[in-house]
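So the structure is just underneath, and the comments pick up after that.
The values are calculated or read from the model by the stated rules, or taken from the named source; none is laboratory data. None of these values were measured; they are calculated from a predicted model. So basically every Cβ, Gly included, is an ideal-geometry build from the backbone, and we count neighbours across all protein chains shown.
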Amino acid sequence: MPRENLNDLLAFVAVARERSFTKAAAKLGVSQSALSHTLRGLEARLGVRLLTRTTRSMSPTEAGEHLLQHLRPRFEEIEAELLALGEFREKPTGTIRITAGGHAADTILWPKLAKFLPDYPDIRVEVIVDYGLTDIVAQRYDAGVRLGEQVAKDMIAVRIGPDFRMAVVGTPAYFAKHSPPKTPQDLTSHNCTNLWLPTYGMPYAWEFEKGMRELKVRVEGQLVFNDSNRILRATLEGFGLAYLPEDVVQPYLGKGRLKRALEDWCPPFPGYHLYYPSRRQHSRAFALLVEALRYRA
């Protein structure tokens, strides 16, 4: 293919990524009609349809998806190499996209970003709160934040937080009406507020460990949320038991607004890690952020 047609391939990748001519045209800085003309010309030269268009949607054909999967990593490598040239500039620059759960974003990322960003005004950080186990490569994130045990083996993982511990809690009024659970299995007779996990399409199973025993209990209750702050609020208002990070409930335990159960079944485990693909060339801005987030005991 002639070199001048590489722009046509870039246009195809943009449209296939966005699943929209309108959004892709805006990102490329061209008109929607010009972009549509470019894609029709590319399909004509290749002799194969790359996109399926309807009045309401657009998606790659099988051939288009095959081409996208092979082109996208190569173009991303080129973009990363060009971005890495920022190391030769006086000031590091660039946008860093991170996906994390709400608790990690509030307790780990934000305190450190608040100290880091004023020193680097040309660095922009996007933090997307998501409780799903997002594929950071497919979704074009630079990094993700998850608990150590959830990080895929083919990723580079950098510890950014201390050991982590969960707590089963309820109000004194709730425990006055219901006997505190003595074992994790007892939770099945309690009203428990669940956290919804979009990755699995079901609530999170509460995890416990004591000695050599490990248990996962699927609890039931009247409420399910996809955000831990709402779980905390419901628990404080007496709607049963919750399974929340220890640091979140500690202030309420100290004031006597919450009581703890099954503490001996909730040992500490490895805390939050920043993880990212090992094969990707990262910018100086990203390297600086990793060092700023790195946990130092």
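Take the conditions (1) in contact with a Ser or Thr (Cβ under 9 Å, 6 or more places away or on another chain); (2) under 16 Å from Leu274 (Cβ atoms); (3) among the hydrophobic types (A, V, I, L, M, F, W, C); Val169 misses just one of them, which is (2).
Kindly indicate the residue of region 214-248 that is of a type in the set (A, V, I, L, M) and within 23 Å of the chain's Cα centre (by Cα) and also surrounded by the most Cβ atoms within 10 Å (Cβ to Cβ) among those meeting that condition. Even if it seems obvious, please write down each step before you answer.
Restricting attention to region 214-248, the residues satisfying the condition of being of a type in the set (A, V, I, L, M) are 215, 217, 219, 223-224, 231-232, 234, 236, 241-242, 244, 248.
The next check asks that each one be within 23 Å of the chain's Cα centre (by Cα); those that pass are 224, 231-232, 242, 244, 248.
On the way: Val224: 16, Ile231: 22, Leu232: 20, Ala242: 29, Leu244: 22, Val248: 19.
Among residues in region 214-248 that are of a type in the set (A, V, I, L, M) and within 23 Å of the chain's Cα centre (by Cα), the one surrounded by the most Cβ atoms within 10 Å (Cβ to Cβ) is Ala242.
Total residues in region 155-184 satisfying the condition of being touching a helix residue (DSSP H, G or I) at 6+ places or on another chain (Cβ under 8 Å) and of a type in the set (A, V, I, L, M): the figure is 7. Residue check: Leu6 meets all listed conditions (1) more than 25 Å from Leu289 (Cβ to Cβ); (2) at pLDDT 80 or above; (3) part of a helix (DSSP H, G or I) but one, namely (2). Screening region 228-287 for residues that are among the charged types (D, E, K, R) and assigned to a helix (DSSP H, G or I) and picking the one that is farthest from His103 (Cα to Cα) gives Arg284. All of Leu68, Leu10, Leu50 fail the test of being over 17 Å from Ala138 (Cβ atoms) and surrounded by 16 or more Cβ atoms within 10 Å (Cβ to Cβ), apart from Leu50. Restricting attention to region 102-131 and to residues that are of a type in the set (Gly, Ala, Ser) and touching a strand residue (DSSP E or B) at 6+ places or on another chain (Cβ under 7 Å), the residue that is surrounded by the most Cβ atoms within 10 Å (Cβ to Cβ) turns out to be Ala104. Being hydrophobic (A, V, I, L, M, F, W, C) and touching a residue at least 24 places away in the same chain (Cβ under 8 Å) is a property that Leu28 lacks.
Which count do you get for residues in region 223-232 that are farther than 10 Å from Leu195 by Cα and touching a strand residue (DSSP E or B) at 6+ places or on another chain (Cβ under 9 Å)? Quick ask: steps written out before the conclusion?
Residues of region 223-232 that are farther than 10 Å from Leu195 by Cα, as a first pass: 229, 232.
Of the ones still in play, those that are also touching a strand residue (DSSP E or B) at 6+ places or on another chain (Cβ under 9 Å) are 232.
Adding up the residues that qualify gives 1.
Please go through region 181-222 and give me each residue that is among the aliphatic types (A, V, I, L, M), under 22 Å from Phe239 (Cβ atoms) and in a strand (DSSP E or B), ordered by number.
First, the residues of region 181-222 that are among the aliphatic types (A, V, I, L, M): 187, 195, 197, 202, 205, 212, 215, 217, 219.
From the residues that got through so far, the ones that are under 22 Å from Phe239 (Cβ atoms) too are 187, 195, 197, 202, 205, 217, 219.
Hits for region 181-222 are Leu195, Leu197, Met202, Val217.
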